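Have a look at the structure below, then the notes.
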Amino acid sequence: MVEHGQPYTAILFKFVVLVGLLYMPVLVFHLGTWFPFAGASGYLLWELGRLHRAYGEVTGRGEEQRREQSEGSTRSVL
């Protein structure tokens, strides 16, 4: 699991390890070579979704703070 503030190199390292682990059945059972990359790409898509949700939360909080500040400034004018 990726922690807050974890560098992208750690995510890429996990991707490479996952490709390596998923490549074992390819060698043993002679499956298609696309299999490990397809499985590991699912991990990258999952991480992208997590980052997208996290940025959405941060952006949403920023918009709320700006809205509160603008409401506060209009109240002080009135």
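The values are calculated or read from the model by the stated rules, or taken from the named source; none is laboratory data. For clarity, every value in this text was computed on a predicted model and none was experimentally measured. Counting neighbours? That spans all protein chains shown, and the Cβs are built from the backbone with ideal geometry, glycine included. Heads up: the accessible areas ignore ligands, DNA and RNA and are worked out on the full protein's heavy atoms, side chains in. Shrake-Rupley method; radii C 1.70, N 1.55, O 1.52, S 1.80 Å.
What the table shows:
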read-out	value
Within region 39-63, considering residues that are hydrophobic (A, V, I, L, M, F, W, C) and more than 30 Å from Tyr23 (Cα to Cα), the one most open to solvent (accessible area, probe 1.4 Å)	Val58
Cross-chain or 6+ apart pairs with Cβ under 6 Å, region 26-49 first and within 15 Å of Leu12 (Cα to Cα) and touching a residue at least 12 places away in the same chain (Cβ under 8 Å), then among the aromatic types (Phe, Trp, Tyr) and open to solvent by 60 Å² or more (accessible area, probe 1.4 Å)	Pro36/Tyr23
Residue identified as open to solvent by 60 Å² or more (accessible area, probe 1.4 Å) and either modelled with pLDDT of 75 or more or at negative phi (or both) among Leu18, Leu27	Leu27
